[in-house]
Amino acid sequence: MITYVFPGQGSQQKGMGQGLFEQYQHLTDQADQILGYSIEKLCTEKSYLDVNHTEYTQPALYVVNALSYLKRVEETGRKPDFAAGHSLGEYNALMAAGAFDFETGLRLVKKRGELMGRITGGGMAAVIGLSKEQVTAVLEEHRLYDIDVANENTPRQIVISGPKKEIEKARAVFENTKDVKLFHPLNVSGAFHSRYMNEAKQVFKQYIDSFQFAPLAIPVISNVYAEPYHQDRLKDTLSEQMDNTVKWTDSIRFLMGRGEMEFAEIGPGTVLTGLIHRIKNEAEPLTYIPKKNPAISAHLKEKRNVQAGITAESLGSAEFKQDYHLTYAYLAGGMYRGIASKEMVVKLSRAGMMGFFGTGGLSLKEVEDAIHAIQGELGKGQAYGINLVHNMKHTESEEKMIDLLLRNQVSIVEASAFLSVTPALVRYRAKGVKRNQNGDVICSNRLIAKISRPEVAESFLSPAPENMLQKLLRENKITMNEAELLRCIPMADDICVEADSGGHTDGGVAYSLMPAMTSLRDEMMKKYQFRKKIRVGAAGGIGTPEAAMAAFMLGADFILTGSINQCTVEAATSDKVKDLLQQMNVQDTAYAPAGDMFESGSKVQVLKKGVFFPARANKLYELYQRYGSIRELDAKMLAQLEEKYFKRSIEDIYKDIALHYPAADIEKAEQNPKHKMALIFRWYFRYSSKLAISGSEHSKVDYQIHCGPALGAFNQWVKGSQFENWRNRHVDEIGKKLMTETAVLLHERMQSMYQPSHETDNIKIKV
């Protein structure tokens with residue numbers, strides 16, 4: 001097999017393309033018309049435009065690469081089995097694969113070059129001699145947080161990108177670092193393939209959306225993922241390429257893993273040939289194959305009989321992924337007060353995963369603004385969901401939230417902390433329900449219920465309760481037809497079994513819960529003769545490939561992560577919280593009373609390392625149980641609460657409560673001293689959450705940070721890698737890493753389990 005590789009910026013030179021322009025005069029004329037200047041003169045005449053300026057470099061290289069490719073095919077009569085390109089060269093690879101024609105590719109490249117050329121004040125430099133992990137460690141050690149890794153050209157050639165002043169600082173650092181052979185600043189005007197390209201990316205994303213792409217005839221390896229392009233995410237991937245690392249090393253390793261592979265560089269120079277030679281000498285092939293990627297699986301089936309292993313994309317339920325338009329059976333749960341942010345949701349969706357925006361503690365206006373922002377960023381078929389937290393004390397707020405979700409056509413909801421099905425959920429489920437041509441009941445509005453108790457699971461695995469249907473019918477909130485159809489389907493499309501987790505938890509053990517829940521699911525499916533399978537997912541404690549592997553082995557159709565996403569760039573909490581979370585280990589959590597369910601004694605799991613919140617929260621609950629009112633507390637305890645816990649007087653706190661709580665609550669508090677005490681103590685929980693999210697310097701020890709041991713395990717797993725620093729953690733990247741390494745681990749374990757016993761007969765023991 002052969003792969004054609006196309007060079008990017010850095011390979012340009014005056015004189016390139018000579019002879020090609022004349023040979024392909026019709027395409028040269030076409031290029032001149034699109035660009036508004038002579039492409040031949042740009043490439044061959046020194047006194048003409050500067051071919052080293054990004055605005056001109058990119059179209060020039062694209063044209064020369066394209067014409068070189070056409071000549072190669074004409075001369076050899078052979079098209080490649082795979083194609084890859086370095087940065088700009090990826091457009092030529094896609095052209096070779098038939099995604100678009102010469103003209104379309106040039107229009108895209110022209111726009112890309114213009115946008116990237118406008119970004120000034122940045123710089124790039126090649127660090128030779130260190131691995132990516134070593135480069136990242138040096139940047140972190142010297143607090144060069146404004147610099148990103150732009151290119152992984154070889155295992156020991158890493159390109160960094162950032163503000164010009166920061167690159168200059170980095171030069172002095174790296175030139176005095178052991179094993180650095182060369183620090184070479186690049187002749188560029190911008191910080192390409194870094195966060196500083198985000199604005200350009202957004203504009204380009206809008207531009208590219210108007211184009212139509214054809215199916216790929218051959219697999220093209222993506223710079224972003226080091227795996228073949230997915231047809232349905234082609235536009236998004238091209239946009240993401242602008243501000244993401246060029247993973248050239250792993251791209252070549254992936255191709256090396258496909259078997260006997262020849263590489264041919266198409267275009268000016270031999271830069272890529274040299275890089276590939278070094279990669280072959282310094283790195284091992286990547287042998288896994290993304291089985292579910294049609295671009296490669298179908299292609300390789302024709303070429304050779306390859307036995308594809310377990311892959312990141314093959315994990316979990318295929319039907320589940322199909323229903324939600326996902327590449328990976330991977331979800332990220334909603335986190336309180338929008339910590340699971342709109343940025344997080346969008347990032348995951350574009351990567352073929354699904355996230356839920358965290359609505360708990362937010363106003364309806366804040367939730368609606370977030371929904372509009374998410375919908376504005378995502379296209380049709382890109383999955384996202386909204387988290388809905390049960391509020392047993394204020395059912396009217398739940399009803400208002402459902403109204404908002406229906407009004408904004410939110411079709412996927414993560415139902416959290418529900419103790420049973422509620423009328424609001426039934427009403428949400430009812431809207432848009434219908435039968436298809438086959439007679440199957442189809443729901444427009446889908447529910448994924450997060451549960452930890454079998455009795456709660458049973459209510460979601462059953463049809464809507466009859467008494468609720470009758471009530472909603474009487475109130476004219478649903479129709480007779482909707483009620484009839486709801487009697488034929490379960491309340492939830494899918495359930496997610498939540499074991500011991502951050503935030504609200506029943507402290508369940510996954511090894512016990514999952515078998516019990518899957519068995520219950522099977523029982524309820526049989527009881528009600530549901531035609532469509534209800535999928536069961538796993539959540540709680542998942543932060544490493546070992547944990548994810550265990551979940552899938554227990555029968556999980558998908559996994560859902562939580563705590564690990566709180567310590568990422570996209571999480572909408574303070575840097576101070578993330579700094580604390582980055583340092584935690586598996587033993588650094590504790591249980592504390594839940595502020596929203598304080599009186600019932602419900603628990604949340606929180607960070608204990610570096611904070612006093614768990615101890616203080618438990619003390620408040622102890623006082624609530626022991627005393628009937630605030631007045632019963634002695635003067636010493638009252639002083640401790642006001643001075644150390646609350647930083648405010650009890651009187652001031654109650655005045656604040658009276659201004660913001662419903663009149664009925666305040667009236668009850670005036671009649672019931674114990675209820676008044678509960679309201680005052682619950683104020684501390686809201687206060688401690690706000691301190692953490694805002695990163696207040698006022699009282700760091702009172703930060704309330706919901707978190708489970710999964711993050712501690714994750715921290716240990718990524719120690720020494722680029723992900724050790726939370727500033728390098730992006731939700732989509734850690735999701736892909738977790739799924740990919742889970743697949744590799746599971747494949748290895750399965751192989752070892754089924755290894756024939758006779759293979760060990762001839763092993764000799766050396767002494």
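Read-outs throughout are calculated quantities, based only on the coordinates presented, and are distinct from any laboratory measurement. Since the model is a prediction, treat every value here as computed from it, not as a measurement. Note that each Cβ is placed from the backbone with ideal geometry, even for glycine, and that neighbours are counted across all protein chains shown.
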remark   = For the pair residue 442 and residue 168, the simple spin-label estimate (label points 7 Å beyond Cα toward Cβ) gives in nm 6.2
Kirkwood Rh and Cα Rg combined as Rg over Rh, evaluated for the chain = 1.01
key: Spatial separation of Cα centroids for region 552-621 and region 443-479, in angstrom   = 30
inquiry  = Limiting things to C-alpha atoms, what are the Rg and the maximum Cα-Cα separation (Dmax) for region 122-191, in angstroms?
reply    = 10.4, 29
inquiry  = Under 12 Å between alpha carbons, and skipping anything fewer than 8 positions from residue 527 in its own chain: which aspartates and glutamates qualify?
reply    = 458
key: Whole-number D in µm²/s for region 313-426 (Stokes-Einstein; Kirkwood sum over Cα pairs; 37 °C, 0.692 mPa s)   = 228
inquiry  = Strictly over 20 Å apart at the Cα level, which of 321/347; 165/201; 247/737; 365/647 would you flag in this model?
reply    = 165/201; 365/647
query = How many percent of the alpha carbon pairs in region 318-573 exceed a separation of 30 Å?
reply = 21
query = So for the chain, taking the charge dipole from beta-carbon charges (+1 Lys/Arg, -1 Asp/Glu), which of 464, 367, 16 sits furthest toward the positive end?
reply = 464
query = Using a Förster distance of 30 Å, how high is the FRET efficiency between residue 480 and residue 399, based on the Cβ-Cβ distance and rounded to 0.05?
reply = 0.90
key: Longest to shortest principal axis, alpha-carbon extents of region 309-372, angstrom   = 46, 18, 17
Under 26 Å from residue 644, Cα to Cα: lysines that are on another chain or at least 8 residues apart = 576, 578, 603, 608, 609, 619, 636, 655, 674, 676, 690, 700
ask   = Which semi-axes, in whole Å and largest first, does the equivalent ellipsoid of region 622-688 have when worked out from the alpha carbon gyration tensor as the square roots of 5 times its eigenvalues?
value = 18, 15, 10
Area projected by the alpha carbon convex hull of region 489-632, averaged over all directions, nm² = 11.9
request  = Please name which of 320, 423, 483 has its Cα lying farthest along the dipole of region 318-573 towards the positive end, using unit charges on Cβ (Lys, Arg +1; Asp, Glu -1) and the Cα centre as origin.
outcome  = 483
query = Per the Kirkwood formula on distinct C-alpha pairs, the Rh of region 577-714 is how many angstrom?
reply = 15.6
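Please state, as a whole number in µm²/s, the translational diffusion coefficient that the Stokes-Einstein equation yields for region 404-492 at 10 °C and 1.306 mPa s, with Rh defined as the Kirkwood radius across alpha carbon pairs.
Using the Kirkwood radius from Cα pairs, D works out to 120 µm²/s.
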inquiry  = Helix 510-528 against the longest principal axis of the chain: what's the angle in degrees, Cα atoms only, rounded to the nearest 10?
reply    = 80
note = Ordering 128-138, 41-51, 346-356, 565-575 by per-residue average of other C-beta atoms within 10 angstrom, highest first, gives 346-356, 565-575, 128-138, 41-51
ask   = How high is the FRET efficiency from residue 694 to residue 368, r the C-beta distance, R0 22 Å, rounded to 0.05?
value = 0.50
task = Taking the chain as the reference, fit the longest principal axis to its C-alpha atoms, fit the long axis of helix 271-282 to the helix C-alpha atoms, and give the angle between the two in degrees, 0 to 90, nearest 10.
result = 60
query = Taking every DSSP beta bridge that has both residues in the chain, what percent is antiparallel when rounded to the nearest 5?
reply = 40
inquiry  = Applying a 10 Å radius around every beta-carbon, put 623-634, 270-281, 230-241 in order of their mean neighbour count, most first.
reply    = 230-241, 270-281, 623-634
remark   = Straight-line reach check, residue 14, cutoff 16 Å on alpha carbons, 8 or more apart in-chain or any other chain, hits among aspartates and glutamates -> 40, 45, 50, 55
key: Burial ranking of peptide ranges 98-106, 696-704 (average Cβ count within 10 Å, highest at the top)   = 98-106, 696-704
remark   = Distance in nm between residue 466 and residue 142 label points, each 7 Å along Cα→Cβ, equals 7.5
